[in-house]
Each structure stands twice: as structure tokens, then as C-alpha cells.
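Asks: Sharing a structure, written as C-alpha cells. Questions coming.
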Amino acid sequence: MDGGRVGLGSGGEILAGFARDILDTLDALVLVRDPEGRIVEVNRAAERLAGMRRDEMLGRLAWELVEPPASWERSAQDFRTIVRAAAFPVAHEADVATAGGETVTVRWSSAAITDGAGNVRFLVSTGVEVTELRRATRAQREQLRFLQTLIDTIPNPIFYKGVDGRYLGCNRAFAEMMGLPREAIVGRSVYETSPPELAARYEAADAELFRSGGVQTYESRVQFADGSVHDVIFFKATWSDTAGQMQGLVGVVLDITARKRAEHALAGAHAELEARVRARTAELEALKEKAEAADRAKGEFLNIASHELRTPLTALRVTLQRARRELQRGEPIDSASLVRMERYANRLVRLVGDLVEASRLERGLLVVEPARCDLRELIVAAVEDARSLAPGRRIDLDLPAAPLAVDLDADRIAQVLANLIDNAVKYAPPESPVEMTAWTDAGEAVVCVSDRGPGIPATSQERLFTRFYRLPSAMHQPGLGLGLNISREIVQRHGGSLIYETREGGGSRFVVRLPLAPAAR
Ligand code: ADP
């Protein structure tokens, strides 16, 4: 026992004063036991923990000092197993009841002191209290579990990576998004978990973030594991240890597909609404223009109508006055005056007739009463009337030999024919002939009135049939611009058509088609 050496077999003091003094300065517990487990030496730290003096502890079984009786037997067995196995050094942890009544965890490390024959004589154990360490470790583990539960509960995919770009962890939503179990993500790089082109994008974005530090936000389109493509925003940030060393990055994925879709739908609805408003505004604008045009037309019409009516009326009155004066003077009335008066009266009758028809048309009162008729007779009558109104004018007539049986309203169709011949006579030069031809074609009677006048420019041809439309070149002739409009309406009411054609060699050609009566087809 001299010189601080451990003496063997002394049974009494086994440490010299100096050696024990050194051991007493240690915070670690020191416990020397014989192979039976009886304490042969302890240091001061052990005394403090047990709350006993050394002399009270010597010779006692260690577990009986600090453990509840229930565990003595098991501790004794464990001790014997260790000694018998003689596999040293050996470490183990044990809970120890302190003098203060609390339980602390001690991490023991034991070595054996053997005799020359290799038998264990003493077991030297040093113990370090690790209660705090264990508690901290447990708390840390719990904290980690809590955090994992927390991020697993968040519906947004979340991931975190080390500076080497490998995933350190993720939440459930992220694993679902990737379609991989967490174990197949953690420790892997983007190239092992995402399609190559996406991986390259992610890697570039990560590298940029690691370079610049801080936070990074960007929108992307991502294909989820189920094949669906989503619009997402990545929110990423680097994180550092307490020494400020960058350790990796954390990322949160925000799925904005629904929002995008809603935005898109909203933009669509907005555009549609705008388009509708534009269309409606244009409609209103057009209506307004129409109303203004109608107003203008009404004004012009009144102007024209009064002028058109006044001209033949004035002429009629002048001729009448002259005739009256001639009669008063006992002179015979010049027959030419009578013809003129008749012409003026006819013109008035036509003008008023047009006005009456237009007004009927407007009020929906134009009635067509068809009866079987030979259209040739109406044509002949119309030509005769025209010839008598324009004596000297050449009006050629070419009719088929067979009757043209048509169900028609004779007065109305006569009005159409008269209007067409009248126009040809009016607008073509006086010396030029007017032709009227009729034939049958594909179940229809076709009547054609042609002249060799100026014709009608292509741009005006459709407008001819609108009310009040007159070519500027027609203004020197009497007219209200109603005849063709009424004529087309009448023909259409008969199930037929009235069109304009340019005549070869110049001039106009108006073509009337009327369905032949069923038996005549
Ligand atoms: P109105 O003859 O009373 O003016 P219409 O409706 O019969 O009215 O004709 C409309 C316009 O069509 C005429 O003003 C004229 O400009 C043009 N028109 C009609 N027939 C002919 C024709 N045979 N040749 C040239 N222009 C014609």
C-alpha cells in the first residue's frame, strides 16, 4: 500500500494517503470492490453522492447502499457476471439514488485488478454522472419528434438539404409529392429523386441560393408523383449553425394550381365581360347611328317626297290653268296638254302608290292574295302601259308560246313589272331600247327586264333594294327610292326572288323568278 500503489490482499487500507488525496479531488466517482462486490475503497465524490462517510461504506455491497432492495439480487448477479467474464474494461449505466433522495444516472467504467494467476482481486470502477446529458438527449429526441410531427402536419411539402445538396429530411407531404418513402429521399441528391431536367433546375437554384445566402422564392411547374402537373412557388432559405457556418437549406413548396386556375378563369371571365361590354357598346353605338341615320333618312325622305310630289302637282296645275284659260277664251284644249296632264297624274298616282305600299309594308299590312294566272298577260299589259306612257320608246317583248301559269296576286306583280320597266325607261337613255323577256327554268317562271343604261356600280347593287336608296346619278329623275324595296318584298312573299345582274355590253338587268303553279311544272 506504499507509495500510492494498490496493495493486494491487505484487506485494510488499500490506498495510501496521497493517492487517495488525488482521487478525492476528482469529480468522478471512484469505487473499488472485491470480487464479491464489497466496497474496499471509495473517493470523496462517491461519499458525497451516497451521503455516507467512507468508513460507513467500506465492506458494504455497493447496490445495497444506493439501490432499492428489489433490484439488489439482479445487480449482484450482473456484478458476478462481469467479474466472471473478466472482459475488461466494461462500461454500463445505472440509476443511483442519492443522499438527497433523487435518482441520478451514472455511467460506470470498470477495470479489473488481477493477481499473478489472472484471478480478479479488485474491480476498480469510475463513474460519471450523466443525468443531465441523458435528460438533454431525451429532450432533444422529443424535440425532434415534436418538430417532425409538426412539419408532417403541415400540408405543404417541406424539405431540407445539406450544403452537399443531399436531402437531410422532409415532411410527409413532400414524400407524397415525390411519390417516394422518406428513406428513399433522405441522403439522396435531386438527381436520384427527380427527373433529370427538373433536377438540373433544382440544383442550379440551390447553387444560386448557397452563393447568395438568405432567402429565395420562385415559381415553377412541377409534375407530382401521380402525374399531375402543378404550379408551385418554392420558398427557400439557407440555415447556419451557431458559429454562422452555412449548413444547408430549407424549402417549402406552395401549391398555387387552384389559385392560378382561379386567376385564369377570372381573367377569362374578365376578358369575356369586357368583350361583351365592347360588343354591347358597339351595338348601342350602331343602334344610335341607325337611329340617327333613320332620323336623317326621314328628314331626307320628307324633303324628297314633298319635292317629288310637288313637281308633278305644280306641272299639273300649270297645265290645268292653261287649259282653263284656253277654254275661257273659247279655244280648244290642246290634246298634247291632256296627255301631259295624264302623265303628271300617273306620276302622282305612282308616287302615292309607292308611299302607301311602303307604309303598309312597314306596318306589316302588305297582304298578297294569290290566284292562278298566266303571267304572260300581266307582262303584255305592263309593256302596253309603258309604251303608252312613253310613246316612241322602243320596248321589246319576247314571251314563250305556252302560258306561264303562276299563283300570284295580279295587282301586286303588275306593280313589280311596272316598276322595273319604269326604271329601265327612266334611267337608260331615251333612244335606247328596253327588253322584256320571259321563259321557264327549273320549275320557275323567269322574267327579265334589261336596258342599255349606265348600269349600277357593284358596290351599290345590294343597297338598291333598301328603302330610300337612290344612286346620286339618279337624282335628275323623279323617284322616292322605294320601288325596288317594295318589289323585292312582293316577289319574296310569292316564294320568288328579285335580283340585279349586270348586263353584258353595259346596262342593267333585273331578274324576277316566281314558282310555277304546281300543275304547270
Ligand atoms: P326610284 O326609281 O323611285 O328612285 P327604285 O327603288 O325603283 O326607286 O330604284 C332605286 C334606285 O336604283 C334608283 O334611284 C336608281 O338609282 C337605281 N336604279 C333602279 N333601276 C335602275 C336601272 N334600270 N338603271 C340604273 N339605275 C337603276
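Asks: To the nearest 500 deg cm²/dmol, what mean residue ellipticity at 222 nm is calculated for the chain from DSSP H runs of n ≥ 4 alone, each contributing -39,500 (n - 2.57), summed and divided by the residues?
Replies: -15000 deg cm²/dmol
Asks: Take the Cα pairs of the stretch 145-255, get the Kirkwood Rh, then feed it into Stokes-Einstein at 37 °C and 0.692 mPa s and tell me D in µm²/s.
Replies: 232 µm²/s
Asks: Right, another one. Report the extension gain between residue 164 and residue 466 in nm, rounded to one decimal, defined as 0.36 nm multiplied by the number of residues separating them, less their alpha carbon distance.
Replies: 100.5 nm
Asks: Give the aspartates and glutamates whose C-alpha is closer than 18 Å to that of residue 426, dropping any in the same chain fewer than 8 places away, or say none.
Replies: 308, 342, 354, 384, 385, 396, 435, 451, 501
Asks: Can you spot the lysines whose alpha carbon is less than 25 Å from residue 161's alpha carbon? Ignore those fewer than 8 places along the same chain.
Replies: Within the straight-line limit of under 25 Å, residue 161 reaches these lysines: 236.
Asks: If you project the alpha carbons of the stretch 368-520 onto their three principal axes, what span does each projection cover, largest first, in Å?
Replies: 45, 32, 26
Asks: Once fully extended, how much extra length lies between residue 117 and residue 150, figured as 0.36 nm per residue of separation less the alpha-carbon to alpha-carbon distance?
Replies: Here the segment from residue 117 to residue 150 would lengthen by 5.8 nm.
Asks: Next question. For residue 243 and residue 283, what is the calculated FRET efficiency with R₀ set at 45 Å and r taken between the beta-carbons, to the nearest 0.05?
Replies: It comes out at approximately 0.05.
Asks: Could you work out the relative contact order of the chain? I mean the mean sequence separation of Cα pairs under 8 Å and 6+ apart, divided by the number of residues, in percent.
Replies: For the chain, the relative contact order is 7 percent.
Asks: A further question on this structure: Residue 247's amide H: which non-local residues (gap 5+, or another chain) put their own amide H closer than 5 Å, with H modeled 1.01 Å from N in plane and none for Pro or chain starts?
Replies: Those qualifying (amide H under 5 Å, at least 5 residues apart or on another chain) are 239, 240, 241.
Asks: Which loop trypsin sites (Lys or Arg not before Pro) in the stretch 272-354, with loop taken from DSSP, have no more than 15 other Cβ atoms within 10 angstrom of their Cβ?
Replies: Those that pass, being in a loop and sparsely packed, are 329.
Asks: HN-Hα J couplings of the stretch 91-102 from phi, Karplus 6.51/-1.76/1.60, θ = phi - 60°, integer Hz, Gly and Pro as x?
Replies: Listing the rounded values in order: 10, 7, 10, 9, 7, 10, 8, 8, 4, x, x, 9 Hz.
Asks: When all C-alpha to C-alpha distances in the stretch 74-147 are sorted into bins of 5 Å, what percent of pairs does each bin hold, rounded to whole numbers?
Replies: In order of increasing distance, the bins hold 3, 13, 18, 18, 15, 12, 9, 6, 3, 1, 1, 0 percent.
Asks: Which net charge results for the neighbourhood of residue 86, defined as the other residues with beta-carbon distances under 13 angstrom from its beta-carbon, given Lys and Arg at +1 and Asp and Glu at -1?
Replies: +2
Asks: Another question, then. Based on the Cα coordinates of the chain, what is the per residue volume of their convex hull in Å³?
Replies: Spread over its residues, the Cα hull of the chain gives 367 Å³ apiece.
Asks: Percent of Cα-Cα pairs more than 24 Å apart in the stretch 346-451, please.
Replies: 29 percent
Asks: What FRET efficiency comes out for the pair residue 182/residue 272, r = Cβ-Cβ distance, R0 = 51 Å, nearest 0.05?
Replies: Step by step, r from the Cβ atoms, then E = 0.65.
Asks: Percent relative contact order of the stretch 85-220, based on C-alpha pairs within less than 8 angstrom and at least six residues apart?
Replies: Dividing the mean separation by the residue count of the stretch 85-220 yields 12 percent.
Asks: Sticking with this structure for a sec: To the nearest Å, what is the center-to-center distance of the stretch 198-259 and the stretch 78-153, using C-alpha atoms only?
Replies: Value for the Cα centre distance between the two parts: 44 Å.
Asks: Another one. Tell me, how many Å apart are the Cα centres for the stretch 281-316 and for the stretch 406-436?
Replies: Here the answer is 26 Å between Cα centres.
Asks: Calculate, in whole percent, how much of the Cα-Cα pair population of the stretch 8-129 lies beyond 25 Å.
Replies: Considering the stretch 8-129, 17 percent of its Cα-Cα pairs are separated by more than 25 Å.
Asks: For the stretch 468-521, what ratio Rg/Rh do Cα atoms give with a Kirkwood hydrodynamic radius?
Replies: Reported Rg/Rh, Kirkwood definition of Rh: 1.09.
Asks: Could you tell me the relative contact order of the stretch 368-520? Use alpha-carbon pairs under 8 Å, at least six residues apart, and round to a whole percent.
Replies: This gives 25 percent for the stretch 368-520.
Asks: Run through the stretch 97-151 and list the GluC sites (Glu not before Pro) located in a DSSP loop whose Cβ has at most 13 other Cβ atoms within 10 Å.
Replies: Of the GluC sites (Glu not before Pro), the ones in loops of the stretch 97-151 whose Cβ has at most 13 other Cβ atoms within 10 Å are 102.
Asks: Which whole number of Å³ per residue matches the convex hull of the alpha-carbon atoms in the stretch 267-353?
Replies: Cα convex hull per residue, to the nearest whole number: 79 Å³.
Asks: Could you work out how far helix 410-427 tilts from the main Cα principal axis of the chain, as a 0 to 90 degree angle to the nearest 10?
Replies: Once rounded, the angle reads 80 degrees.
Taken together, the values in this text are just the output of simple stated rules run on the coordinates, not laboratory data. What you see is a predicted model, and the numbers here were worked out from it, not measured in a lab. No Cβ is skipped: glycine too gets one built from the backbone with ideal geometry, and neighbour counts run over all protein chains shown.
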